[in-house]
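Since the structure comes first, as structure tokens, the remarks are kept for the end.
The values are calculated or read from the model by the stated rules, or taken from the named source; none is laboratory data. Remember, predicted model here, so these are calculated numbers, not experimental data. Glycine also receives a Cβ, built like all others from the backbone with ideal geometry; neighbour counts cover every protein chain displayed. The protein model used for the area step is the full one, side chains on, heavy atoms only, and it has no ligands, DNA or RNA in it. Shrake-Rupley method; radii C 1.70, N 1.55, O 1.52, S 1.80 Å.
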Amino acid sequence: QAQLVESGGGLVHPGGSLRLSCAASTKIITINDMYWYRQAPGKQRELVAKITSGGVTDYSASVKGRFTVSRDNTKKMVFLQMDGLKPEDTAVYSCRADGRESDVGPSWIYWGLGTQVTVSS
């Protein structure tokens, strides 16, 4: 069972918008940094955006100014607002969370299965 579940992908025209969501399992009691990655066919996985537990964000150069990452710590969710989408944004988008399942246990890296985003006319 995936500890992270993404939603919100789909087909959109160039210039359009999508909002991705990622919900963490209640098993993860502490979440530190959260990330969005993407992988296009035949390409390596690429880090798209990062957000710390305090809300500090960072973006890849290819999406800066078009994508916005945010999170809701109460709901243990991370979001990716994607505006001005381009065909080259087409990929499977996955979220990652670094966290713990107990106060004294080890830190783990959790992944979701991904959601497909297709930008095409």
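Averaged per residue, what accessible surface does the chain expose to a 1.4 Å probe, in Å²?
So the chain comes to 54 Å² accessible per residue, rounded to a whole number.
In the chain, the portion of solvent-accessible area held by carbon and sulfur atoms comes to 51 percent [1.4 Å probe, whole percent, DNA, RNA and ligands not counted]. Of the candidates I28, I51, I109, which one comes out as most mobile in a Gaussian network treatment of the chain with C-alpha springs shorter than 10 Å? Its mean-square fluctuation being the largest, the pick is I109.
A protection proxy built from the mean count of other Cβ atoms within 10 Å ranks the segments 54-63, 88-97, most packed first, as 88-97, 54-63.
Residues whose amide H lies under 5 Å from that of F67, counting only those 5 or more places away or on a different chain, are D83; hydrogens are built 1.01 Å from N in the peptide plane. Amide H to amide H distances under 5 Å link D33 with S53, D98, where only residues 5 or more positions off or on other chains count and H is placed in the peptide plane.
One Cα centroid belongs to the range 90-121, the other to the range 1-76; the line between them spans 7 Å. Which pairs in the list K27/K64; K27/K86; K50/K86; K43/K75 are over 26 Å apart, alpha-carbon to alpha-carbon? Result: K27/K64; K27/K86; K43/K75 exceed 26 Å. Per residue, the convex hull spanned by the alpha carbons of the chain comes to 99 Å³.
Structural descriptor for the chain: relative contact order 37 percent, calculated from alpha carbon pairs under 8 angstrom and at least 6 residues apart. Along the range 29-44 the Karplus relation, 6.51 cos²θ - 1.76 cosθ + 1.60 evaluated at θ = phi - 60°, assigns HN-Hα couplings of 8, 10, 10, 9, 6, 10, 9, 10, 10, 9, 9, 8, x, x, 10, 6 Hz to successive residues, with x for each Gly and Pro.
Pair-distance distribution P(r) for the range 1-63, from all Cα-Cα distances in 10 Å bins starting at 0: 16, 45, 33, 6 percent.
Across all directions, the shadow cast by the convex hull of the range 56-121 built on its C-alpha atoms averages 5.8 square nanometres.
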